[in-house]
Amino acid sequence: MGSNTTILHQLWARRWLLLASSLVLASFVLWDGVSLWHGLAGWAIIVGIAGLLPQGGAHDDGSLPPQPADGPKPSFEALVSAIPDPVIVLDANLAVRHFNRHARDLVPNLRVSEALTFALRVPELIDAIRLATESGASRLIQYAERVPVDRAVEAQISTIAGAAGKTDFVVIVLRDVTQRQRVEQMRVDFVANASHELRTPLASLLGFVETLQGPARNDAAAREKFLDIMRAQANRMSRLIDDLLSLSRIELNAHVRPDKPIDLNIVVGHVADTLAPLAEDRGVALTIDKRLPALEVLGERDELIRVFENLVENAIKYGASGGKVEITLESQPRARGKGAEAVVTVRDYGPGIEAEHVPRLTERFYRVDVAKSREKGGTGLGLAIVKHIVARHRGRLVIESVPGEGAAFSVRIDQLG
């Protein structure tokens with residue numbers, strides 16, 4: 001009698017778990033914005049738990065019958081580990097029971113049997129878990145992380161109730177939605193910036209076109225003059241669009257640190273060779289002081305070239321009156337901690353920059369002298385691009401300037417070795 005009762009209880013437990021799996025799958029799929037894959041992930045976890053219940057009844061002495069001859073069934077841990085999304089399973093006390101390697105990558109401090117709050121200090125997530133535990137309903141929230149990098153995470157929370165109707169397990173499926181949000185923000189920023197900055201050159205082009213179609217239709221001299229101006233405005237719009245797209249691409253990958261060894265001596269040497277003709281045309285002596293045979297950092301070669309092209313080109317254009325631009329490459333101890341920083345400094349001896357302008361130089365479209373910047377072909381995005389690339393390399397941009405004595409822009413990135 002006791003054995004039959006045990007069998008009946010186990011069969012009912014399995015049926016309730018399988019029914020719960022179907023309900024969870026339906027709630028995942030019907031929840032607005034949640035993918036079918038997340039639903040399948042939750043279903044697989046619950047079915048995994050159901051599969052771990054004893055098959056058949058127990059012996060009279062309470063021992064379990066042997067496993068079928070066709071081989072062992074996959075464990076709950078194996079099922080969770082096979083899911084490609086980060087998954088964390090908690091017990092009723094919100095202690096971690098299991099997680100897969102994707103969850104460890106996203107939350108490095110996870111430990112089995114420890115409270116989730118030890119590893120993930122996100123009040124809105126903990127509140128959502130408690131609400132889901134109390135109500136038994138699935139919940140979907142988003143939260144932001146600021147350390148070690150800015151990141152947006154979406155969490156789908158589901159509960160698994162036991163025979164008494166109380167929550168036995170909490171299943172959390174996480175998804176990094178940083179890139180999705182950055183793409184949306186990139187689209188919004190691009191439209192806003194482009195519409196603002198392109199309005200002036202477009203109005204200028206339309207004005208000249210109307211003039212050429214009207215009063216200056218047969219004026220050859222005016223036509224040549226206006227066409228030159230229109231060409232300059234079109235080039236300005238082209239540079240502006242290129243810079244906006246570059247800045248958007250950089251921001252899209254800002255949370256991904258480059259991992260390739262790059263020798264800054266080679267990068268800066270290439271930039272100096274490229275800009276040597278410009279320096280010669282402006283009457284500027286361009287010199288490089290390499291104080292080490294190699295100065296390696298983890299970086300992205302094309303992005304670092306863009307950084308030093310912007311800095312050296314600005315120094316040549318805006319500091320030409322000083323007659324020289326100096327580039328220094330050296331290694332300095334880190335201000336905090338062990339190791340060293342690779343430091344590349346671009347110094348000009350031009351008019352310099354007033355102190356009140358220095359903190360805002362890396363803002364989008366900020367110009368100390370708008371007319372002079374546009375005359376020299378500037379878009380107002382160069383230093384913003386530099387700042388974002390340096391930040392992606394986990395480095396710092398330091399600007400020092402004394403009016404009348406020039407300016408120095410230093411890029412500091414952790415050195416390898």
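Here are some notes:
- ³J(HN,Hα) computed for each position of segment 90-95 - Karplus, 6.51 cos²θ - 1.76 cosθ + 1.60, integer Hz, glycine/proline x: 10, 8, 5, 8, 6, 8
- Solvent exposure of segment 100-180, expressed per residue, is 52 Å² of accessible area, with all protein chains present and a 1.4 angstrom probe.
- Among the listed pairs Lys260/Lys387; Lys260/Lys324; Lys225/Lys324; Lys225/Lys387, those beyond 26 Å (Cα-Cα): Lys260/Lys324; Lys225/Lys324; Lys225/Lys387
- Karplus 3J(HN,Hα) series, Hz, for segment 258-267 with 6.51 cos²θ - 1.76 cosθ + 1.60 (x for Gly, Pro): x, 9, 9, x, 10, 8, 5, 4, 5, 4
- In segment 96-188, a dipole from Cβ-located charges (positive for Lys and Arg, negative for Asp and Glu) runs towards its positive end, and of Gly162, Ala103, Ala119 it is Ala103 whose Cα lies farthest in that direction.
- Ranked by how many other beta carbons lie within 10 Å on average, peptides 212-218, 265-271 from highest: 265-271, 212-218
- A dipole drawn for segment 253-371 from +1 and -1 charges on Cβ atoms has a positive end, and of Val346, Val358, Ile305 the residue lying farthest that way is Val358.
- DSSP-loop GluC sites (Glu not before Pro) across segment 112-189, with at most 12 other Cβ within 10 angstrom: Glu114
- Segment 214-281 and segment 302-316 have Cα centres separated by 12 Å.
- Per residue, the solvent-accessible area of segment 260-417 (1.4 Å probe, heavy atoms of protein chains only, all protein chains present) comes to 48 Å².
- Taking the accessible area of segment 289-411, probe 1.4 Å, and keeping the other protein chains in place, the carbon and sulfur fraction comes to 47%.
- Charge dipole (debye, nearest 20) of segment 263-356; +1 at Cβ of Lys and Arg, -1 at Cβ of Asp and Glu: 340 debye
The values are calculated or read from the model by the stated rules, or taken from the named source; none is laboratory data. Just so we're clear, the structure is a prediction, and the values are computed from it rather than from any experiment. Here the Cβ is made from the backbone with ideal geometry for all residues, glycine too, and neighbour counts use every protein chain on show. Surface accessibility is based on the protein's heavy atoms, side chains included, excluding ligands, DNA and RNA. Shrake-Rupley method; radii C 1.70, N 1.55, O 1.52, S 1.80 Å.
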